[in-house]
Amino acid sequence: MTEQHIVFIGAGNMARALISGMRQRDIPGESIQVHAPSTLHRGALAEEFGVRSRPAQAEKLPENSVVIYAAKPKQMPAILQEWGDTLRSGSALFVSVAAGVSSTQITALLGEEISVVRAMPNTPSQIGAGATTLFARANVGASQCDTVQQIFSGVGKVFWLHDEALMDTATALAGSGPAYVLLFLEALEDAAVLQGLDRITARALALQTVLGTAQMAAASPASPSELRHQVTSPGGTTAAGLAVWEEQLRPLAQRALAAAAERGRALSQLLKKDA
Ligand SMILES: NC(=O)c1ccc[n+]([C@@H]2O[C@H](COP(=O)([O-])OP(=O)(O)OC[C@H]3O[C@@H](n4cnc5c(N)ncnc54)[C@H](OP(=O)(O)O)[C@@H]3O)[C@@H](O)[C@H]2O)c1
């Protein structure tokens, strides 16, 4: 990555995941600056990754800084009130990972001139296996998009959307998705325990099955549907289990994603009222 000055607002879980990814890509610690009120998290980041840490907002930013908003969504109006003058006086690119906050809400707080990218990473970013969806406003240039791409590809795979309205769907799928997969693991484990398998073995078998299948699907050019048909013999055990899943799973997936996306839209409206 070209020499960049990267500023984090917030030093929590998501900031840690992104900084860890950047450091593994040899982005120097001195070019990363972290702002948070208490020393608790930012102090730990400074010690572990050699980044610089500051309590309050920056007065002035170097040219071509990338500012990553990684504090809670509902705090955004108050925090951007503090940062507004600094951000408006430079040429910073503003990247928000705040769930459910639209780019229009951000420009309402910072002004239309500001270059804004929205990013929705997920928790596997903490181990470099994340899925991040990105949306850039029309005034964000190609080289700025490239910079953001490099930051988030440090913690997993990156997917650009051209319609911001679909960020709610991407959040419902990939942002909330790790929790769905964990629930699926729990359900498989509990069902196997009910049939008599001990819990430790049931948990390990469920985990390795989901992990191995995801790796197999990722390594294959075939679609999940094609792979599934390859392992399903008519009249066999898999066909018997699948017949039960098929009764409920697709409508459930549709309802779950619709509920999560709707909640994202509702939270965004709440922020609008608070702002
Ligand atoms: N975690 C995820 O999986 C995930 C996924 C996608 C998107 N996100 C988004 O990422 C953002 C951060 O989530 P998180 O899980 O990392 O939260 P978190 O662990 O609770 O961290 C929040 C951070 O914000 C800092 N903060 C509070 N007030 C501040 C202020 N006035 N100025 C600067 N920083 C301030 C806190 O400071 P202290 O250290 O002093 O407490 C803390 O470091 C949220 O907007 C969330 O929607 C998270």
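From the square roots a ≥ b ≥ c of the eigenvalues of the alpha-carbon gyration tensor of the stretch 194-275, which class results: rounded (a/c under 1.5), prolate (a/b over b/c), or oblate?
prolate
Of Ala187, Ala222, Ala131, the residue with the greatest mean-square motion in the GNM of the chain, using alpha carbon springs below 10 Å, is Ala222. With a ≥ b ≥ c taken as the square roots of the eigenvalues of the C-alpha gyration tensor of the stretch 5-164, please select rounded if a/c is under 1.5 and otherwise prolate if a/b is larger than b/c or oblate if it is not? Rounded, since a/c falls under 1.5.
Sites listed here are trypsin sites (Lys or Arg not before Pro) in the stretch 11-67 whose DSSP assignment is loop and whose Cβ has at most 10 other Cβ atoms within 10 Å: Lys60. Here the Gaussian network model covers the chain, with springs between Cα atoms less than 10 Å apart; of Arg228, Arg255, Arg265, Arg228 fluctuates the most. Of His5, His35, His229, His162, the sequence from fewest to most neighbouring Cβ atoms within 10 angstrom is His162, His229, His5, His35. When a/c is below 1.5 the answer is rounded, else prolate if a/b is larger than b/c, else oblate, so apply that to the chain with a ≥ b ≥ c taken from the square roots of the Cα gyration tensor eigenvalues. Prolate.
Of Ser89, Ser125, the sequence from fewest to most neighbouring Cβ atoms within 10 angstrom is Ser89, Ser125. Quick one: net charge of Ile9's neighbours, Cβ under 13 Å, K/R +1, D/E -1? Surrounding charge for Ile9 is +2.
The sum of -39500 (n - 2.57) across all DSSP H runs of n ≥ 4, divided by the residue count of the chain, sets its helix-only mean residue ellipticity at 222 nm to -17000 deg cm²/dmol. Taking only Cα atoms and a 10 Å spring cutoff, compute GNM fluctuations for the chain and point out the largest among Gly130, Gly141, Gly175. Comparing Gly130, Gly141, Gly175 in the GNM, the peak value goes to Gly141.
Readers should treat all values here as calculations from the given coordinates under stated rules, not as data from a laboratory. As the structure is a prediction and not an experimental result, all values here were calculated from the model. We place every Cβ from the backbone using ideal geometry, glycine too, and count neighbours over all the protein chains shown.
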